[in-house]
1. Which length gain, in nm to one decimal place, applies between Val636 and Gln157 when the Cα-Cα distance is subtracted from 0.36 nm times their residue separation?
2. Along the three principal axes, how long is segment 363-467 when you take its alpha carbons, biggest first, rounded to the nearest angstrom?
3. Run the Debye formula on the Cα coordinates of segment 492-572, all scatterers equal and no solvent, and tell me log10 I(q)/I(0) at q = 0.12, 0.13, 0.18 1/Å.
4. Estimate the FRET efficiency between Leu570 and Gln223 by the formula 1/(1 + (r/R0)^6), using the beta-carbon distance for r and 45 Å for R0, to the nearest 0.05.
5. Tell me, what % of the accessible area of segment 537-601 is carbon and sulfur with a 1.4 angstrom probe?
6. So which trypsin sites (Lys or Arg not before Pro) in segment 333-388 end up in coil per DSSP with only 15 or fewer other C-beta atoms within 10 Å?
7. Report the Cα centroid-to-centroid distance between segment 542-620 and segment 395-471 in angstrom, as an integer.
8. Using modelled backbone amide H atoms (1.01 Å from N, in-plane), which distant-in-sequence or interchain residues come within less than 5 Å of Ile324's amide H?
Amino acid sequence: MHELRRIHQAKSSKKCVSGFFKHVLHRPLFIIAISMLLLSACTGTAPRPDKPSTQLEQRAFNAVQAENFDDAAQLYQELAAASNDEGLKFEWLIKSAQSYFKANQNDLSAEVLAKLDINRLTTQQLLQRQILVAELAIEQRDYERGQIALNFDIPEQTDTATRIKIHKLRIVIANALNQRINAAKSHVALAPLLSNQQIKHFNQQTLWQLLQSAPLEDLEMAQSKAFDNDTLGWLQLAIITKRPAQQASRSLNEWLQFFPSHPADQLIVDSVLARQNYAAYRPASIALLLPLNGPLSNAAKAIRDGFLAAYYQGDHSSTPSIRIYDVTNADGQVRDDVYTVYQNAVNEGAEFVIGPLSKNAIDSLAFRSDLSTPLLALNYISGERQPNDLVFQFGLSPEDEARQVAERAWQDGHRQAIALTPEGDWGERMQTAFADHWESLGGILVESRQYDANSSDFSRPLRSMLQLNLSQTRKRSLQQQMGLELHFEPRRRHDADFVFLAAFPRQGRLLKPQLKFHRASNLPVYASSHIFTGTIDAEADRDINDVIFCDTLWTIDPASSALRQQVTSLWPQNSQYQIRLYALGADTFQLIPHINELQQSEYYAYEGQTGILSMDNQRRLRRQLSWAKINNGIPVKLASPEVTTTPLITP
């Protein structure tokens, strides 16, 4: 068994944390050793310092409550140094390491961990150590190290909260390593530990999406090694979906007999059965209805070119014919009679129509009763009216992104939010979408503030939002009462644990530094894709360092798609600022064969260029986006959260 080496404080957290992990270079030996230690560790519990009993403990407790984690970590080390009880000493050291981690002092956290003698820890202490090792590895994006740290059987006496945390960390790591079946297995293990029915449903949906996206050979290999009934049932159900329809129907009947009490939602089982009745939809002729002149022309041309790039990359054995129709007048305005253009396309043989783009044009078509050919609108209809059954809706909805920010922040453990949005219609829509969904998840919106997007100095809304003005008022009141000039450092409010920022690049690059100046540097900032231009500009985007935002994988990881690379080579200038619209165009072509399957079940998802796509019961396509964090001015892809909920979003 390798002894943990002491780590000397380094100038860089990356260097120090990397050094900490050198003790696990021999993976098999480490896994065996940790497993044996967990089995043989002292099963008694060390004295738990949960309630402060001394002045020093009270100070540490107060520091944690005030989120002064640096101070708390140092106080816990003082408690450890003063303790004669070995078990309690280790408990204080673990709390110190955890506090340093919360303070983003990863190097110091690793240094404290290195002081623990893993051979003398209780089972609970060893588990907490391994969890923190994994969290440090995730922060370093060293996911293989994190996986090694959590590669053990969870002891039977482990409490539910710790079990949940371990499974969630395993899911994050497996997603980051693209180990879909490993992630799915952890979702299976997580399911019986969840009490909230909505979260249980989200967990099961994500599990099913992972299994559907896994290759057949991987599913069959995992099935041969599965040892518990629930996992085996899930794997076999996923394998059935990969088989030809006639064989799948027979296999599903056998599955139902063999797994009569399986926890799979009946809707999932029904979707597998229904899928056998749907063949890929392949229209012989497709029409695009786009505003190729006027104010929407740049967006329309990007969508058109993305569509054509996907078309020419496709399977030419079943390539449809394509016709493109301009829906604008000579003055660049969208025609009032878009239905006439639609009908002309149908008369000329179109079996599937894509477009139009503007909401007004879509509204003029979507509610007509005389539509005869399926229509994939490139935006969402206004209001709540039900469109014609042949109308599908697909676009880059900013409201959807606001909802996904709410979900990501919730999954990251935040519960109390501040929303900062620009004045005007767009900002109000973003604020409403975020607030409504955040509160439906159980979150609390403690403050909502708007700013003037044309301004450069946001001191007034920020000071009010962060309640720095109240702090100044308290100072003046005390000075008047005491008749003394007081030394004063304004303090921001502490009832919020993150900020939702709706902003475009110029505003974001100004607001993020000003949040830091106004004493909110430790408040995480979450944003929609609009904060990032889509083009790497490390110098300019250093001002939005640490912002967490959702976006298409094309934008976050340009090397992830050969089609994306083709688009940027063909249209190097335009694609810099319109890359998301090119992705939308590509998806409009590539998802057509999957329209029937997407329509028949919310549990069917298609992995597109704009995100993971699913369809709600009003035939609106919803995107599940990827996530990134700005690091040194460059977006760095984040692991997926442990439970994804986007396919269930409704406006």
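1. Result for the pair: 168.7 nm of gain on full extension.
2. Cα extents, longest axis first: 57, 33, 18 Å.
3. Debye output, listed in q order: -0.41, -0.47, -0.78.
4. Working: r = 43 Å, r/R0 = 0.95.
Plugging the Cβ-Cβ distance into 1/(1 + (r/R0)^6) gives 0.55.
5. C and S fraction of accessible area: 46 percent.
6. Those that pass, being in a loop and sparsely packed, are Arg368, Arg385.
7. 25
8. For Ile324, the qualifying residues are Leu288.
The values are calculated or read from the model by the stated rules, or taken from the named source; none is laboratory data. These numbers come from a predicted model, not from an experiment. When we count neighbours, we look across all protein chains shown, and the Cβ atoms used for this are built from the backbone with ideal geometry, even at glycine. To get the accessible areas, we keep the full protein, side chains included, count just its heavy atoms, and leave off ligands, DNA and RNA. Shrake-Rupley method; radii C 1.70, N 1.55, O 1.52, S 1.80 Å.
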